[in-house]
Structures are given as C-alpha cells and as structure tokens.
C-alpha cells in the first residue's frame with residue numbers, strides 16, 4: 001500500500017515542480033478544538049529557479065488530518081545563480097486539523113533538483129510529527145526551529161564554517177545529520193566530499209573542493225532529543241518513552257555508496273527516524289552499526305552549495321564582503337511584538353568588489369530594501385497567531401566584480417514574538433507625526449525623563465495629560481531623520497529616557513520608543529511634490545541675509561535655466577551637464593567660493609555612497625570644466641553625465657559653498673585649490689582669522705536634482721513620482737501614509753547617537 005501511495009505522490013508532484021534547490025519544514029501545536037481535535041501549524045519552505053514551482057507534501061503514515069487554511073508568500077532570494085537569473089523561496093503556512101495527537105508522517109517525493117555534482121536528482125523529504133504531551137513540560141511536543149540559506153556559495157580556496165540555525169523551544173538537544181534512509185530521507189544518501197559536519201552543534205565546515213557550475217545537493221535531517229528521560233502521553237491513553245543521547249554522537253566519514261543502516265527504519269506511523277550511530281569504514285563504503293535512539297521529531301533541511309572559482313584573496317572586506325555593525329551577530333535573539341514591524345539592519349563592505357544584493361530566508365511576508373545609508377534593511381511584521389513562536393531569519397551579502405560573485409558569511413538570528421509591551425500609536429499627517437504613549441505602559445519611569453531625539457530644543461519637548469505622553473513632531477525638525485528606499489520615504493524619530501539634559505551616555509536601563517511615518521514615493525495623488533530645490537536663504541553675522549541658487553542649464557551659454565517644472569532632468573550618458581551656483585547679497589565686494597561638490601544617488605548630504613566632483617576647491621572628476629562667470633558671486637561648471645552602479649536610476653549634485661570678502665588674502669576663496677601636498681601652516685592660516693572682521697561666512701550646503709538617464713526615464717516607470725531626499729516639508733499633498741511604533745527595553749550601556757539638526761530659522 002505504501003509503495004502505491006508513493007507512486008501516486010510521485011506522479012502528482014512530477015507535474016507541479018522542477019528545478020528544486022532545497023526545502024525544509026517545521027511544525028508547532030497551536031490549540032485544541034472543542035471537538036477534541038488538534039490544530040497544528042506546518043511551515044514548509046522550498047526554493048526553485050521558477051516562481052511557478054511548488055512541492056506537494058502527502059501523508060505517508062498515521063492520520064495527518066486535513067488542511068483548514070493556507071497562506072503563502074514568495075521571496076526573490078537573489079539574482080546571482082550560475083545558470084539562471086533568479087531563485088525563489090516560497091513559504092507555505094498550512095493549518096492542519098488532526099483528530100488526535102498521535103504521531104504522523106508527511107513526505108514530499110518528486111523530481112528534479114537543479115544539476116548537482118553529487119548525483120542528487122529527485123528530492124526526498126520527510127517530516128515526523130509527534131504532538132504527544134511531554135512529561136517534563138506538560139505541553140504538546142514542539143519541533144526545533146531550523147533554517148539555512150537555500151543557496152550558499154564559497155570560493156574554492158576559502159575554507160568557511162556555517163552554523164545551521166537550530167533552536168528548540170522545549171530546550172531539547174538538537175542534532176543535524178545527513179539523511180541515511182534511501183528514498184525516504186534522501187535520494188542519494190552520500191555526504192558531499194570536501195565538507196565535514198559536527199552533528200551536535202549543527203556546524204558545517206567547508207574544507208576544500210574544486211570549482212564547478214553544478215551545486216552540491218545537501219540532504220540533511222534535523223532531530224531533537226530530550227535532555228533527560230521523558231514520556232509522551234496521547235489522548236488514546238498510550239505512551240511512548242524518549243531517552244536522551246549519551247555523549248557526543250559520531251558521524252561517519254564521507255562515502256561513495258549509500259550506507260547500510262541497521263536498526264529500526266521508518267514504516268508508516270511508527271517512524272521515529274532517529275539513530276545515534278557509530279561506524280566502521282572499509283574502503284569507500286561505510287557500514288553503520290547503530291544503537292537506535294528514537295527522536296522526538298524529525299525535520300528535513302535540504303539546500304544547494306556552489307563552489308566558485310578561487311578568489312584573489314580570502315580576507316573578508318576585500319572581495320568577500322565583511323559584515324559590519326549594526327549587523328546583528330550570528331545566533332542573536334531578537335524580540336518582536338504582534339502587529340509591530342521588526343527591523344534588521346545589515347551593513348557590509350568589500351573594498352575590491354561592489355556590494356550587490358542581500359540574500360535572505362525568513363517567514364512569509366518578509367521584505368528587504370537598501371536605504372540611503374547604504375544599509376540593507378530586513379523587515380517583518382508578526383501577526384497575532386505568531387505570538388509565542390520563534391522565527392529564524394538567515395542572510396548573507398553578495399558582492400560582484402567582473403564575472404566573480406562573492407558571498408559573505410551566513411548569519412542567522414532568532415526572532416521571538418511577544419505581547420505588546422507598550423500601548424501607543426502614531427498618526428501621520430502631511431507635515432507632522434503625532435505620537436501618543438500611554439503612561440501606564442512605562443512603570444517606574446517618570447515622564448519628565450523622556451525626550452525626543454532633539455532634547456535640547458524647547459519646542460520639541462514632550463507633553464502629557466492624565467493618560468498619555470504625546471508630541472506633535474514636524475517632519476523637518478526635532479531630530480526627525482529621513483530615510484529613503486526604493487519605494488518609500490520614512491520620517492523617523494524616537495523617545496528615549498535620560499537622567500540629565502547634559503548627559504551624553506547612561507548606564508541605567510533605557511526605554512526606547514521608535515516610531516516613523518511612511519510616505520510612498522509612487523502613487524496616485526492629486527498634487528505632486530516639487531522635486532526642484534528652491535532658492536536657499538541664509539543669514540550670517542557680518543554678511544546679513546543672502547541667498548544661494550543652484551540650477552541646471554541646457555548648454556554653456558547659461559542664458560535660460562532648465563524649467564523647474566520639467567524635473568527630473570533627463571540626460572544621455574556621457575552628455576554634458578551644465579550647472580551654475582549663484583549667490584546674491586546686499587554686502588558689496590563679496591565673492592562666492594565652491595569648496596566641494598559631490599554626486600549621490602540620494603539627495604542626502606550625509607549619504608555614504610558618494611562620488612567626488614570637486615574637493616577642497618580642486619577638480620576631482622576628470623571631465624569637470626570650469627566656465628567663466630558673469631560676476632564674482634557666480635560659479636559655473638560642467639561635467640559628463642554618469643550613472644551609479646547598481647539599482648539607482650537618479651543622481652543628485654550637492655555642494656558646500658561659502659561667501660568671502662573680496663581682496664582679502666586669508667580667506668578660503670583666496671587660497672583656492674588646496675591639494676593633499678599643501679603645507680599644514682597654509683592650510684589652516686585662513687581658518688584662524690576667518691571670522692575676524694567678517695572676511696568669510698560659514699559653510700552652507702546646496703543641492704539640486706535629480707538627474708535621470710534617458711534609458712531609465714523612458715522605462716515603464718517614467719511617470720512615477722520621485723521625491724527629494726532633503727525634503728523639508730510636505731505641503732498640498734494627501735498621501736496614504738503609514739505609521740509604525742515599537743519599543744524595547746535595553747539592559748546595557750548605550751552611547752547616544754550623533755544627530756544632524758536642521759538650520760535654525762535665522763540661518764535658513
């Protein structure tokens with residue numbers, strides 16, 4: 001009967017899937033229904049080269065019940081496969097109603113893997129589910145939470161260690177091994193050469209291999225064992241006994257033929273699928289003489305591993321990306337709250353390659369974006385049904401140079417979903433954020449010791465009534481930070497605790513309330529944002545009030561500027577861009593000096609992804625030309641259009657400028673270009689007297705853009721709305737805005753962040 005059912009499953013799934021790259025499954029008990037049945041949630045993931053592919057899981061033993069609800073989501077995990085453009089990881093969350101808590105088996109059997117170098121063709125995945133009530137906890141048994149990136153890659157000359165995420169919510173001992181029951185746990189049941197596995201720590205070591213466009217197909221099994229002898233009780237009155245593993249398990253060395261396993265094998269609902277194996281090796285064949293120790297549950301963990309050609313260097317930070325703060329450490333435990341977004345920030349560098357993408361694996365509805373600070377941001381919002389559960393999230397960063405693709409180390413974090421600890425909400429309007437926090441939510445903290453990012457500004461103080469602490473925060477003030485990704489603008493602020501307004505650090509417990517308002521960059525709106533930057537008006541002691549105007553021009557005649565209503569300005573690559581910065585002032589005998597100009601894919605003076613055009617008054621870009629001005633308070637220059645490498649379709653130009661008294665020998669203007677070889681005495685000579693007699697103003701920041709390449713502007717998204725990152729106000733627009741708030745209590749020392757503040761009214 002089992003063989004007939006296996007054949008039926010094979011025929012069904014042959015028609016539904018191909019190009020398999022890996023898969024896994026976990027389960028968790030959710031509730032018991034009034035009729036005595038059990039509700040169990042089954043999470044199954046699979047990765048394919050096609051978004052239309054899927055895996056069919058069938059019941060192979062015991063009573064598997066029926067599926068009452070299903071939810072699915074797909075992650076475009078990456079675009080760096082050797083033989084295709086994309087890979088897709090799909091997670092399907094099924095809720096099963098089973099008549100009892102007796103064990104049952106789920107299996108997936110079909111064809112075909114992507115081409116593998118270790119002869120894995122068909123996939124064979126098995127999950128053994130046991131919901132018996134544990135004698136140590138009094139609750140139904142839960143499976144481990146397991147995860148790995150479905151596609152890993154490493155240069156052939158760079159040994160690396162991978163810690164597979166394996167956490168057990170019951171505190172059980174988790175063990176990882178290669179499948180050893182042919183056509184049940186695995187198809188080929190042979191360990192890939194060049195790798196070693198520590199089953200007790202679930203650590204995989206890549207030692208050495210040769211590069212090959214085909215992947216190694218890993219067919220692994222994850223099991224959990226109790227820390228001491230326990231029993232599992234079932235509603236039909238039966239019981240089963242589970243024993244702990246004794247000592248460290250010994251895993252057999254690599255084989256070239258499938259091992260012969262003695263002891264109990266999996267047959268229908270009697271499957272426990274777990275052995276603690278000692279082995280002897282004769283030639284290339286391993287014969288396992290084992291003592292069978294039944295596991296509490298058994299889960300499949302299959303993935304692909306590509307060995308790339310040798311890297312010029314294995315040092316992290318050169319070709320292989322190095323993960324930097326604020327990237328969480330491997331195995332970090334994070335906390336999330338129901339219906340509140342959890343955010344994971346990942347930063348990486350590779351000085352001799354270009355950071356390209358982040359590869360992620362996580363729960364359904366997880367997203368990834370790159371923000372204006374050059375960080376990848378992973379976001380996920382748990383729902384009510386996730387309360388009390390644990391969710392692993394794995395990630396790695398890819399860098400490229402030429403045809404080479406280099407992957408960082410893999411890190412996995414574990415997110416625990418808890419109840420909401422802070423009753424609060426945020427309201428978004430066209431120009432402000434209103435945040436409200438219930439006083440009853442922060443016991444032991446006085447409202448007078450709470451502040452926004454800009455705690456020194458009296459206008460930004462929090463207010464309160466009998467129930468709430470609240471504030472109305474302008475999008476352009478009170479320390480509000482602006483962050484942009486490909487789809488949205490986020491205005492972010494936070495409420496933190498302090499002891500003294502003069503303090504910079506604290507070593508007491510902190511409460512942090514993070515909140516933001518999100519505005520879509522693209523959408524149907526009745527009015528549009530003005531992307532053209534207006535004239536900048538400033539005030540400076542000794543120079544009075546004056547203005548800066550930064551404009552683009554169509555040619556070197558500088559007769560009529562580009563119409564502000566035509567922004568973004570469209571250029572062909574390598575065409576000339578003509579720019580003019582002009583200052584107006586009521587003070588005679590003044591000159592404009594442009595100290596530096598940079599380009600960035602974002603209109604953000606603090607952006608970490610910039611390209612220097614002018615630095616210290618010197619031309620840096622070789623295509624820059626300086627054109628004669630019509631008066632001393634003008635600066636005209638041009639350069640050839642370019643595009644930032646990566647997923648950027650726009651360029652902003654920003655400059656640091658200042659006004660100087662004409663004819664003065666010690667001003668920044670009189671010094672002109674200061675190269676790296678300029679003597680230090682000359683470099684600082686003007687700065688010692690720059691404010692004496694008002695010979696020069698403070699430095700000011702002006703920007704303009706965006707510039708768009710014609711091929712980007714003429715794409716299907718050419719009519720989409722693009723917003724200025726240095727947006728200081730949002731007026732006359734009604735947008736669908738989303739607000740989010742979260743809180744976390746920190747039990748460690750925390751250094752205050754440096755915040756950039758807007759100019760005061762007098763300086764604008």
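Values in this text are rule-based calculations from the coordinates and carry no lab data. Quantities reported herein were computed from a predicted structural model and do not represent experimental measurements. All Cβ positions, glycine included, derive from the backbone under ideal geometry; neighbour counts span all protein chains shown.
Things to note:
- By the count of neighbouring beta-carbon atoms within 10 Å, fewest first, 71, 484, 696, 389 end up ordered 71, 389, 484, 696.
- Spin-label pair residue 537-residue 555: with each label point 7 Å from Cα along the Cα-Cβ axis, the two points sit 3.5 nm from one another.
- Pairwise centroid distance, computed over Cα atoms, of segment 122-174 with segment 328-373, Å: 21 Å
- When both segment 419-439 and segment 59-74 are represented by their alpha-carbon centers, they are found 39 Å apart.
- Between residue 205 and residue 351, the simple spin-label model (points 7 angstrom out along Cα→Cβ) gives 3.0 nm.
- What separates the Cα centres of segment 33-56 and segment 544-620 is a distance of 56 Å.
- Linear extension gain, residue 330 paired with residue 32, 0.36 nm per residue minus alpha-carbon span: 103.7 nm
- Neighbour counts of C-beta atoms inside 10 Å place 204, 296 in the sequence 204, 296, starting with the fewest.
- For 176, 394, 112, order by how many other beta-carbon atoms lie within 10 Å, fewest first: 112, 394, 176
- Stretching the chain fully between residue 119 and residue 235 yields a gain of 37.4 nm (0.36 nm per residue, less the alpha carbon separation).
- Annotation: for a label point projected 7 angstrom from Cα along Cα→Cβ of residue 313, residues of segment 331-359 with backbone N closer than 14 Å are 349-354.
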